[in-house]
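As structure tokens, the structure follows; a few thoughts come after it.
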Amino acid sequence: MSDQSLQPVTILKGIGSETQNSLAEMGITTLHDLVMKFPYRHEDFRLKNIAETPHNERITVEGRVDSEPSVLFLGKNKSRMQIRLLVGPHLIKVVFFNQAYLKSKISIGQIITVTGKWDRGRQAISVSNYSPGPKTDQVDFEPMYSLKGNLKQKTFRKFMRQALHEVGPSLQDCLPNHIRETYKLMPVNEALEGVHFPIDAEHVKQARRRFVYEELLLFQLKMQAIKKVRKEQNRGISITYDVQQLKSMISTLPYELTGAQKRVVNEICKDLKEPHRMNRLLQGDVGSGKTVVAAISLYAVITAGYQGALMAPTEILAEQHAASLHEWLAPLGIRIALLTGSTKVKARRILLEQLVAGEIDLLIGTHALIQPDVEFKHLGLVITDEQHRFGVEQRRVLRDKGMSPDVLFMTATPIPRTLAITAFGEMDVSIIDEMPAGRKEIETHWVKKELFNQAIKRMESELKAGKQAYVICPLIEESEKLDVQNAVDVFEQLSSIFHSKYQVGLMHGRLHSDEKDEVMRSFSEGQVQVLVSTTVVEVGVNVPNATFMVIYDAERFGLAQLHQLRGRVGRGSDQSYCILLADPKTEEGKERMISMTETNDGFRLAEKDLELRGPGDFFGRKQSGLPEFKMADLVHDYRALETARQDAEKFMASAEFWVSDETKCLRDYLQQSGALDGNRID
């Protein structure tokens, strides 16, 4: 960054105290801040062919006025004016909202130029820009900025032109020459011209390409630097587990591991032996067998004399893990305990005494594990399930209960590769991308709500065969605002339909944890045949006998959640079915339903979900862990992200990177970002 670019914006002509305050609200105090404020879009003023322009796209046309303007006043200061315009062979309608003053300026036979949204069906343009006469030599692409206060686009562009004139020639280019030459990227000053004052579409495209790569490279360098510093400074435990005992344990499992499970176990075991702390994310689709991988990893640590901990976000999930791990590990002499908010005071006191004395090998629980009085004798491995549902501080507190224990995060939410690289770029990532043998794909059908009775008949045939069913609803009780089926109504309806033939249970978030446990236990043990539930069952217990699911108002759920819900069935070897009852009103809603019927692959659905909803909504905006990129788009720029990650890894591994003048700007960025401090938390 040059000294010139650090000058305050007040040196520019026309910037007084009011404008200075508006710019400061936008985070702009220096000339560098100003020139790096990118437009959110470019208005395209090129003349377009009406016949080739898609519906709802912005269009600029020039034509001859074919009718007198007619004005309709719609209320105070509101009006709608319409003319017919002959554009080549096309006679179209042109509509001006709240611009009645133009009536006296437009006459039949006059040539005018208009820009606006094209309604292909009505053959009409809703005007946003108007100019008398044919299109002049004005710019074809005009940047549009997100502004604060009373700042106008035209004024802001004037300041931008001045700032570029001041700092453009002296701006330091952070990208090394060999990178720019390899990818044919513009120098920074040319790219800034292309973003703020483009000559044509290609100019904008190439300028954007340069800044997308630079932004992603800087981010990936930061992630790789954090990973490098952690490995060098955060000395962990080199866990020498008993290989023969581990192999023996694996041979006792009720089924053979898949190729993907074996690969992931090897990756984790390799990390355990290393002297630095493991920081690994384990991704696996619903039912892919993450829990057994966790069990093997924990057993390996225990054979070396260490303790293990597994933290889950809900009591139901913690209990499910405890049951599975007890089944696999207790026969091998492993001492397992469960700690949740429901653990009674006396039992908790005894458990904590045993834990600190080393009499418990494996502790499973909820966030109760991170209470201050929970102390381990020799904690070697911490596993956090559905890690994105815990805050950063919660994960750190559990990790700090041992002397730099290894850390494994697990998630059953398939995360698109671009988001995994971005949100978890400082971690090593393992993926279980293969389902256990004998699992049949769940047949998924989308039906209209009026076909509810047919869905019930299909469900009844499964119940007659001794199977069980879930019925999922979005709400607990009736809502005046939302016309969606609610769990209480559906429970009563199905109880009436099945009467004494089948037992119907009801589960929702307002039940006390003891009541939830009782309902789930009844369903697990087959006393309840049909479970009506809200989404609390999303990470519920494993019921292999459940082969049928109906999801009411399925259009109200995102793809990731629908896939998670569907994963409650298909847990055994019998064919399972999922019926989506939905009448989506939007194209996006219809696309979600179609996607669900086309694939059971959670990673493909996750990519589609990202495409439909965008990265911010994928995790939830409040705790997404995703950076705010100025120019890059994780949906469309995935190739650039992959390239930037590979380049960042090469830089980190290169001795030249740390001494070369060409990479000084990149090193300065890492220093300023704090990535090299070594004092960061997860």
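The values are calculated or read from the model by the stated rules, or taken from the named source; none is laboratory data. In this text, all values refer to a predicted model and were calculated from it rather than measured experimentally. Heads up, the Cβs are rebuilt from the backbone with ideal geometry, glycines too, and the neighbour counts pull from every protein chain shown. The accessibility values were calculated without ligands, DNA or RNA, using every heavy atom of the protein model including side chains. Shrake-Rupley method; radii C 1.70, N 1.55, O 1.52, S 1.80 Å.
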Checklist entry - Say we look at segment 444-457 and pick out the residues that are in contact with a strand residue (DSSP E or B) (Cβ under 6 Å, 6 or more places away or on another chain) and in a helix (DSSP H, G or I); which of these is surrounded by the most Cβ atoms within 10 Å (Cβ to Cβ)? => result Ala455
Next on the checklist: Looking only at segment 632-676, count every residue that is surrounded by 13 or more Cβ atoms within 10 Å (Cβ to Cβ) and closer than 15 Å to Gln224 by Cβ and tell me the total.
Outcome noted: 20
Next on the checklist: Can you confirm whether Lys585 is within 17 Å of Trp446 (Cβ to Cβ), open to solvent by 40 Å² or more (accessible area, probe 1.4 Å) and more than 23 Å from the chain's Cα centre (by Cα)?
Outcome noted: yes
Next on the checklist: Restricting to segment 487-519, name every residue that is open to solvent by 90 Å² or more (accessible area, probe 1.4 Å) and outside any helix (DSSP H, G or I).
Outcome noted: His499, Ser500, Lys501, Gln503, Arg510, His512
Checklist entry - Got at least one residue in segment 15-29 being under 38 Å from the mean Cα position of the chain (by Cα), at pLDDT 90 or above and closer than 21 Å to Ala191 by Cα? => result yes
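Residue-by-condition table, conditions (1) farther than 15 Å from Ile239 by Cβ; (2) crowded, with 24+ Cβ neighbours inside 10 Å; (3) free of Cβ contacts under 8 Å to residues at least 24 places away in the same chain; (4) in contact with a His (Cβ under 8 Å, 6 or more places away or on another chain):
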position	(1), (2), (3), (4)
Leu272	no, no, no, no
His276	no, no, no, no
Tyr306	no, yes, no, yes
Glu315	yes, no, no, no
Pro331	yes, no, no, no
Checklist entry - Mind checking which residues of segment 38-51 are open to solvent by 70 Å² or more (accessible area, probe 1.4 Å) and more than 30 Å from Phe211 (Cβ to Cβ)? => result Asn49
Next on the checklist: Being crowded, with 23+ Cβ neighbours inside 10 Å and either assigned to a loop (DSSP other than H, G, I, E, B) or free of Cβ contacts under 8 Å to residues at least 24 places away in the same chain (or both) is the filter here; which residues of segment 565-581 pass it?
Outcome noted: Arg568, Val569, Gly570, Ser576
Checklist entry - Name the pairs whose Cβ atoms lie under 6 Å apart, with the first residue in segment 217-231 and in contact (Cβ under 8 Å) with a residue 12 or more places away in the chain and open to solvent by 20 Å² or more (accessible area, probe 1.4 Å), the second of a type in the set (A, V, I, L, M, F, W, C) and not in a helix (DSSP H, G or I), and 6 or more positions between them or separate chains? => result Lys222/Ala675
Next on the checklist: When you check Glu57 against the structure, is it at pLDDT below 90, surrounded by fewer than 17 Cβ atoms within 10 Å (Cβ to Cβ) and under 30 Å from Glu190 (Cα atoms), yes or no?
Outcome noted: yes
Next on the checklist: Which numbered condition in (1) open to solvent by 40 Å² or more (accessible area, probe 1.4 Å); (2) at pLDDT 95 or above; (3) touching an Asp or Glu at 6+ places or on another chain (Cβ under 9 Å) is the only one that Val301 fails?
Outcome noted: (1)
Item to check | Selection count where residues are over 17 Å from Gln261 (Cβ atoms) and in contact (Cβ under 8 Å) with a residue 24 or more places away in the chain, scope segment 235-249 | outcome: 9
Checklist entry - Which of the residues that make up segment 248-266 are under 28 Å from the mean Cα position of the chain (by Cα) and assigned to a loop (DSSP other than H, G, I, E, B)? => result Thr258
Item to check | Residue that is modelled with the highest pLDDT [pool: residues in segment 609-667 that are under 12 Å from the mean Cα position of the chain (by Cα) and of a type in the set (Asp, Glu)] | outcome: Asp609
Checklist entry - For residues in segment 340-383 being touching a Ser or Thr at 6+ places or on another chain (Cβ under 8 Å), of a type outside the set (Val, Ile, Thr) and farther than 17 Å from Ala295 by Cβ, which is surrounded by the fewest Cβ atoms within 10 Å (Cβ to Cβ)? => result Gly341
Next on the checklist: Quick check on Thr19: is it among the hydroxyl-bearing types (Ser, Thr, Tyr), in contact (Cβ under 8 Å) with a residue 40 or more places away in the chain and in a strand (DSSP E or B)?
Outcome noted: no
Checklist entry - Right, Leu164: touching a Phe, Trp or Tyr at 6+ places or on another chain (Cβ under 7 Å), more than 15 Å from Arg41 (Cα to Cα) and modelled with pLDDT of 90 or more or not? => result no
Checklist entry - When segment 520-538 is examined, which residues are found to be part of a helix (DSSP H, G or I), of a type in the set (A, V, I, L, M) and crowded, with 22+ Cβ neighbours inside 10 Å? => result Met520, Val537
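A quick yes/no check of all residues on (1) surrounded by 14 or more Cβ atoms within 10 Å (Cβ to Cβ); (2) farther than 30 Å from Leu34 by Cα:
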site: His90; (1), (2): no, yes
site: Phe97; (1), (2): yes, yes
site: Val114; (1), (2): yes, yes
site: Lys117; (1), (2): yes, yes
site: Ile125; (1), (2): yes, yes
site: Gly133; (1), (2): no, yes
site: Glu142; (1), (2): yes, no
site: Asn150; (1), (2): no, no
site: Leu164; (1), (2): yes, no
Checklist outcome for this item: If you go through Glu460, Glu441, Glu477, the only one that is part of a loop (DSSP other than H, G, I, E, B), modelled with pLDDT of 85 or more and open to solvent by 10 Å² or more (accessible area, probe 1.4 Å) is Glu441
